[in-house]
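Structure, as structure tokens:
Nothing in this text is a laboratory measurement; each read-out follows from the coordinates by a stated rule. Keep in mind it's a predicted model, so treat the numbers as computed, not measured. Positions of Cβ are backbone-derived with ideal geometry, glycine not excepted, and every protein chain shown enters the neighbour counts.
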Amino acid sequence: MLGDGSIGFTKGRDGKSATNARYSMTMMASSKPYMQFVLDRVYGVFSRTGLIPYPNTNLSQDAGKEVTQYYFATLSSPLFTSLQALWYRWSVVTGKYV
């Protein structure tokens, strides 16, 4: 895994977890060139959105705000599900994967 990312399962509108996991990464705005490089060279084939700014200045309620972070996520894939099973364990103490 490159960068400050995580692998997890999303929940659908029905509240059920997805069958496959996805990779996501969020970093501060100054890391945008690095994130773009990682997305272009490694994760781009799994992503349809590219980098998303936060606040999302493409939305009217965020227009004019300063971007502080960038984010991207891949599509769900059996590849990420396999990696999630290798790298994460369920913690009964916290009630989440660690």
- Message: Going Cα to Cα from residue 11, which lysines come in below 23 Å? Please leave out same-chain ones fewer than 8 positions away.
- Response: 96
- Reachable lysines, given that their alpha-carbon falls under 20 Å from the alpha-carbon of residue 32 and they are not under 8 places away in the same chain: 65
- Message: I need 52, 7 ordered by Cβ neighbour count within 10 Å, fewest first.
- Response: 52, 7
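Please arrange 9, 37, 80 by counting, for each residue, the other beta carbons lying within 10 Å of its beta carbon, fewest first.
In increasing order of surrounding Cβ atoms, one gets 37, 9, 80.
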- When a/c is below 1.5 the answer is rounded, else prolate if a/b is larger than b/c, else oblate, so apply that to segment 4-98 with a ≥ b ≥ c taken from the square roots of the Cα gyration tensor eigenvalues. prolate
- Note on the structure: Site residue 19, offset 7 angstrom along Cα→Cβ, radius 12 Å on amide nitrogen, limited to segment 61-98, gives 77-78
- Please determine, in degrees from 0 to 90 and to the nearest 10, the orientation of helix 78-87 with respect to the longest principal axis defined by the Cα atoms of the chain, where the helix direction is its Cα long axis. 70
- Would you mind pulling out the separation of the Cα centroids of segment 7-22 and segment 45-68, in Å? 22
